[in-house]
Amino acid sequence: MEPVLDLELLRTFCEVVKAGELKKAAAAVFRSQAAVSMQIKRLEEQLGARLLERSNQGIRLTAAGETLLDYSKQLHINLCWSATIDQTAVQQVASCMQQAAAQLNSRQSGAA
């Protein structure tokens, strides 16, 4: 079975992308900038791929980051369509997260 992504790490990743920098994202998720940075690092380690390029001008998504963001948007839509979290919704979310992890892992393997 493919690894399943941690929703909290995914939420933090999406906030970083939305904010364009770690400091603003940290405020949005009520964490320190160091904690947000550590969460992004953990997510990158789980996926085996670099998701963000950091610079003084902010952050830029890598190809793997773009892929994960696309899956995150699909996941968000699936969750919003389900008024209550039932077994079907849970299975759809798990499937989407497994697909994201698998695609990122295969992309990373192909780059090696």
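Pick out the one residue from 58, 48 that is in contact (Cβ under 8 Å) with a residue 24 or more places away in the chain, surrounded by 14 or more Cβ atoms within 10 Å (Cβ to Cβ) and over 28 Å from residue 106 (Cβ atoms).
Values: 48 fails: over 28 Å from residue 106 (Cβ atoms).
Of 58, 48, the one residue that is in contact (Cβ under 8 Å) with a residue 24 or more places away in the chain, surrounded by 14 or more Cβ atoms within 10 Å (Cβ to Cβ) and over 28 Å from residue 106 (Cβ atoms) is 58.
Looking only at helices (runs of 4 or more DSSP H) that fall completely inside the stretch 1-71, which ones have 3 or more residues that are closer than 23 Å to residue 103 by Cα? Before you say what the answer is, go through the steps one by one.
On the way: elements: 7-19, 22-28, 33-47.
Of the helices (runs of 4 or more DSSP H) lying wholly inside the stretch 1-71, those with at least 3 residues that are closer than 23 Å to residue 103 by Cα span 7-19, 33-47.
Where a number appears in this text, it was derived from the coordinates with a stated rule and is not lab data. All figures in this text were calculated on a predicted structure; none of them were measured in a lab. Glycine gets a Cβ as well: all are built from the backbone with ideal geometry, and neighbour counts include every protein chain shown.
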